[in-house]
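A short write-up of the structure that comes next.
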Amino acid sequence: MPETLHKAERLCRKKLIEELFGGKARSFTSFPLRVVFLPVADQPCPATILVSVSKRRFKRAVKRNRVKRQIREAYRLNKQLLLPALQAQGQQLVIAFIYLSDKLLPTQQIQGQMRQILLRLAEQTQQQPVPQKLTHPQPMAQQPVQQQTANQQSMQEQSMQEQQ
């Protein structure tokens, strides 16, 4: 498996990001990273990632970008620990890596934590059932709407008769 990080492996869809942080996802912390993950269906890749470094932690964009590069590189080099487990289970994950430390850390330390995180994710996905396809509410069909209006009309007629 080539060790590259393709565009399809990066989480860009706003709807998925909202679902990820909407309360349905699971999370754990392995300092200096907090990992939030959500099993999903219909993704182009087994795992898509999002990397976040707070402006509160690092005011300068140069430092935030450096940390994001370190995290992406650590994931890219170690993703083979997670992807085979996901493919064997037929699962797909959306993962967010959130940097928690106030200090810049050596790349080796971040890579070590990333290895632990990916192994833990692989274990946890083996314990979870495969998620069903996400269903979004469909607009109501015309027939129930017509029945509802007929029911409302009959209730209005009854109320008018009671008033008389």
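The values are calculated or read from the model by the stated rules, or taken from the named source; none is laboratory data. Everything quoted here is computed from the prediction, not taken from an experiment. All Cβ positions, glycine included, derive from the backbone under ideal geometry; neighbour counts span all protein chains shown.
Residues that are polar (S, T, N, Q) and in contact with a Lys or Arg (Cβ under 8 Å, 6 or more places away or on another chain) within the range 55-100 comprise just one, 78.
When residue 43 is tested against (1) closer than 11 Å to residue 94 by Cβ; (2) in contact (Cβ under 8 Å) with a residue 60 or more places away in the chain, exactly one condition is not met: (2).
So that you can scan it fast, the table gives a plain yes or no per residue for (1) hydrophobic (A, V, I, L, M, F, W, C); (2) touching a Ser or Thr at 6+ places or on another chain (Cβ under 8 Å):
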| site | (1), (2) |
| --- | --- |
| 59 | no, no |
| 71 | yes, no |
| 76 | no, yes |
| 79 | no, no |
| 84 | no, no |
| 87 | no, no |
| 98 | yes, yes |
| 103 | no, no |
| 110 | yes, no |
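The C-beta contact set for the range 59-75 (first residue within 18 Å of residue 113 (Cα to Cα) and without any contact (Cβ under 8 Å) to a residue 24 or more places away in the chain, second residue among the charged types (D, E, K, R) and surrounded by 14 or more Cβ atoms within 10 Å (Cβ to Cβ), distance under 7 angstrom, 6+ apart or interchain) is empty. Look at the range 2-27 and say how many of its residues are on the phi < 0 side of the Ramachandran plot and assigned to a loop (DSSP other than H, G, I, E, B). The number of residues fulfilling the criteria is 12.
Report yes if some residue within the range 72-91 is at pLDDT 95 or above, over 19 Å from the mean Cα position of the chain (by Cα), of a type in the set (D, E, K, R) and in a helix (DSSP H, G or I); otherwise report no. Yes, the range 72-91 has at least one match. Report yes if residue 94 is within 30 Å of residue 24 (Cα to Cα), assigned to a loop (DSSP other than H, G, I, E, B) and either at pLDDT below 95 or of a type outside the set (Gly, Ala, Ser) (or both), otherwise no. The answer is no for residue 94.
Could you tell me which residue of the range 97-137 is modelled with the highest pLDDT, considering only residues that are over 29 Å from residue 56 (Cα atoms) and of a type in the set (D, E, K, R)? Only one residue fits best here, namely 123. Among the residues in the range 56-67, are any under 19 Å from the mean Cα position of the chain (by Cα) and either outside any loop (DSSP other than H, G, I, E, B) or among the acidic types (Asp, Glu) (or both)? For the range 56-67, residues under 19 Å from the mean Cα position of the chain (by Cα) and either outside any loop (DSSP other than H, G, I, E, B) or among the acidic types (Asp, Glu) (or both): absent.
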